[in-house]
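**Q** This structure is in structure tokens; I'll ask about it shortly.
Nothing in this text is a laboratory measurement; each read-out follows from the coordinates by a stated rule. Since the structure is predicted, the reported quantities are computational estimates derived from the model, not experimental observations. Cβ atoms come from the backbone with ideal geometry, glycine included; neighbour counts cover every protein chain shown.
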Amino acid sequence: MKILKTISVLIFSLLFLNISLAGETPQYSDYPAVVMCKPKHPVKLDLSNNREAAAFRSRLETAAKRDPNFAGHYVLTHWGCGTFCQTIAIIDILTGKVYFPEITEKSMENNMVGWGYETPSVDSKLLIINAQLTTGPRSQAGALKSQLRDVRMYFKWEDNQLVRIQ
């Protein structure tokens, strides 16, 4: 009888452990990146893959002079672009290519009214976004504060784009 109880406790513990591991939130260490050395000279930006990149040339050139802060050899930078708007750019400091990934909530019942990202890690491809969503119209978000909810979204940098993982 004692052996049966012990086995039951072990099985329950293993099941509980398996369930809790399956629901874990992504960690930076789950998405490792190979850290590359920064080139001796600032990279010449390649703005050919995005028309809007030229409008932000000076901001991007300043950011490209920084040390990589994301996914091994990228500089992740951002700036405001109006109410409920933020632009991020990801600069490959080895090639000079600039990427403007969009951060959106694609579900029909939610409107994103604001977001920001947690400090990225140079040795990880994980980007954590903290967003505010509302079920009401974005234009009335200030009046609908009771309907705002905070959501954490996880993305990985893969094939030069952010892919949502959770």
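**Q** Quick check: pseudo-label points 7 Å beyond the Cα along Cα→Cβ at Arg66 and Ser48, how many nm apart are they?
**A** 2.7 nm
**Q** For the range 30-164, compute Rh as the Kirkwood radius over C-alpha pairs and then the Stokes-Einstein diffusion coefficient at 37 °C and 0.692 mPa s; write the answer in µm²/s, rounded to an integer. Numbers along the way, then the final one.
**A** Values: Rh = 15.9 Å.
D = 206 µm²/s.
**Q** Hey, what did the range 30-164 get for relative contact order, percent, Cα under 8 Å, at least 6 apart? List each step's numbers first, then the result.
**A** Values: 259 pairs, mean separation 29.9, N = 135.
So the answer I get is 22 percent.
**Q** For the range 149-166 and the range 40-91, compute the distance between their C-alpha centroids and round to whole Å.
**A** What the calculation gives is 19 Å, centre to centre.
**Q** Treat each spin label as a single point 7 Å out from the Cα along the C-beta direction, and report the Met36 to Ile165 distance in nm.
**A** Going by the 7 Å Cα→Cβ label model, 2.0 nm.
**Q** Of the lysine pairs in the range 30-164, how many meet both conditions: Cα atoms under 19 Å apart, and a spacing of 8 or more in sequence or different chains?
**A** 12
**Q** Using the Karplus equation 6.51 cos²θ - 1.76 cosθ + 1.60 (θ = phi - 60°), what ³J(HN,Hα) coupling, rounded to whole Hz, does each residue of the range 70-76 give in order, writing x for Gly and Pro?
**A** 7, 6, x, 9, 10, 10, 9
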